[in-house]
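Student: Submitted below is the structure of interest, expressed as structure tokens.
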Amino acid sequence: MVVHELMAGLRERIADPGRRRDVATVESPPLYATASHEAVDATEKELGFPIDGLLRRLYTEVANGGFGPGEGILGVAEGHADADGRPVSALYAELRAQGWPERLVPLCDWGCGAWACVDEHGRVVTMDEHGPTKTSYTLHSWLEAWLSGVDLQAGAFELVDDVMVNPFTKEPMVVKRRGRARGEGSSP
């Protein structure tokens, strides 16, 4: 799929609030207007580096975040913010202060401190308590997969069996929990 087909497919899918993002437990965010080139330039200045070219185009040609896998792609100023109201640049600055890898832009929240991110080369990287893990996706192929219905969050992590005590029956039971991210476990 070429870029203009990807952009058209994204615009079509996100026009439907029920398909705008994967998380359906809370109301879908509004369909944000596209960001101005000046807003993206300001975000890059705040980040201290240029963002991936496709991510720039998503902001300026599709919508200022709020769509896509998981909780939806974070936007620049005036766009989709994280649960604490931060646009991508403010979240990145806070994460960097906590040791987050340089030039790794958080894209969408997988929950429980795990993020899908994009590096400066357009590769999707999962960041969680184990550190950065390169996936097999580029931002382009990741969005193509999402458009085709792939559950990217389910495929991002290994599932691990844990035994716990059922609080009602007091009997042991096996539960699945999120394990390590799938991919190459190395720095981006």
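Student: Leaving ligands, DNA and RNA out of it, rank 173, 127, 7 by accessible area with a 1.4 Å probe, largest first. Don't jump to the answer; show the numbers that get you there.
Tutor: On the way: 173 65, 127 25, 7 0 Å².
The most accessible residue leads, giving 173, 127, 7.
Student: For region 131-142, just list the computed ³J(HN,Hα) in residue order, Karplus coefficients 6.51, -1.76 and 1.60, θ = phi - 60°, integers in Hz, with x standing in for Gly and Pro.
Tutor: Per-residue couplings from phi come out as x, x, 10, 5, 9, 7, 9, 8, 4, 4, 5, 5 Hz.
Student: Under the Karplus relation 6.51 cos²θ - 1.76 cosθ + 1.60, θ = phi - 60°, what is the ordered set of whole-Hz ³J(HN,Hα) values for region 60-74, x standing for Gly and Pro?
Tutor: 8, 10, 10, 6, 7, x, x, 9, x, x, x, 7, x, 5, 5
Student: Give the angle, between 0 and 90 degrees and rounded to the nearest 10, that separates the Cα long axis of helix 37-47 from the longest principal axis of the Cα atoms of the chain.
Tutor: Taking the Cα atoms of the chain, the angle to 37-47 is about 50 degrees.
Student: Springs between alpha-carbon pairs under 10 angstrom, Gaussian network model over the chain: which of 125, 160, 175 fluctuates most?
Tutor: Of the options given, 175 has the highest mean-square fluctuation.
Student: Can you list which of the chymotrypsin sites (Phe, Trp or Tyr not before Pro) found in region 98-172 are DSSP loop residues with at most 12 other C-beta atoms within 10 Å? The partial results should precede the final answer.
Tutor: Details: sites: 110, 115, 137, 142, 146, 157, 168; in loops: 168.
For chymotrypsin sites (Phe, Trp or Tyr not before Pro) across region 98-172 that sit outside H, G, I, E and B with at most 12 neighbouring Cβ atoms in 10 Å, the list reads 168.
Student: Nearest 5 is fine: what % of DSSP beta bridges in the chain come out antiparallel, could you say? Show your work: numbers first, answer last.
Tutor: Numbers: 23 of 24 bridges.
Within the chain, antiparallel bridges account for around 95 percent of the total.
Student: Run lengths n ≥ 4 of DSSP H only: what is the helix-derived mean residue ellipticity at 222 nm for the chain, with -39500 (n - 2.57) per run over all residues, to the nearest 500?
Tutor: Details: 6 runs with 52 residues, N = 188.
One gets -7500 deg cm²/dmol as the mean residue ellipticity at 222 nm.
Student: Over region 94-143, what is the relative contact order in percent, taking alpha-carbon pairs closer than 8 angstrom and at least six residues apart?
Tutor: Numbers: 70 pairs, mean separation 11.2, N = 50.
In percent, rounded to a whole number, it is 22.
Student: While we're on this one: On the accessible surface of region 50-91, probed at 1.4 Å, how many percent belong to carbon and sulfur atoms? Before the final figure, lay out the partial values.
Tutor: Details: 610 of 1270 Å².
Carbon-and-sulfur percentage of accessible area, whole number: 48.
Student: Of [x] 10.6; [y] 10.1; [z] 11.5, which one was derived for mean projected area of the Cα convex hull in nm² from the structure shown?
Tutor: It is the one labelled [z].
Student: Please state the relative contact order of region 66-188 as a whole percent: Cα pairs under 8 Å, 6+ residues apart?
Tutor: Working: 209 pairs, mean separation 23.5, N = 123.
That works out to 19 percent.
Student: Name the lysines eligible as straight-distance cross-link partners of residue 45: C-alpha to C-alpha under 28 Å, and not fewer than 8 places from it in the same chain.
Tutor: 134
Student: Further question on the same structure: Can you give the FRET efficiency to the nearest 0.05 for residue 160 and residue 3, using r as the Cβ-Cβ distance and R₀ = 41 Å? Before the final figure, lay out the partial values.
Tutor: Values: r = 37 Å, r/R0 = 0.91.
So, using R0 = 41 Å, E works out to roughly 0.65.
Student: Moving to a separate point now. Got a sec? Charge dipole of the chain, +1 on Cβ for Lys and Arg, -1 for Asp and Glu; which of 10, 148, 114 is way out at the positive end?
Tutor: 148
Student: Return the Rg/Rh ratio of region 98-188 with Cα-based radii and a Kirkwood Rh.
Tutor: Values: Rg = 15.5 Å, Rh = 14.3 Å.
My calculation puts Rg/Rh at 1.08.
Student: Placing +1 at every Lys and Arg Cβ and -1 at every Asp and Glu Cβ, with all other atoms neutral, what dipole size does the chain have around its Cα centre, in debye to the nearest 20?
Tutor: In debye, rounded to 20, the chain gives about 280.
Student: Once phi is turned into ³J(HN,Hα) by the Karplus curve 6.51 cos²θ - 1.76 cosθ + 1.60 with θ = phi - 60°, what whole-Hz value does each residue of region 150-165 show in order, with x for glycine and proline?
Tutor: Each residue of region 150-165 in turn: 5, 7, 5, 5, 4, x, 7, 10, 6, 9, 10, 7, 10, 9, 9, 8 Hz.
The values are calculated or read from the model by the stated rules, or taken from the named source; none is laboratory data. Since this is a predicted model, take the numbers as computed values, not measurements. Cβ sites come from the backbone with ideal geometry, for glycine too, and all protein chains shown count toward neighbours. Please note that ligands, DNA and RNA were not included when accessible areas were found on the heavy atoms of the full protein model with its side chains. Shrake-Rupley method; radii C 1.70, N 1.55, O 1.52, S 1.80 Å.
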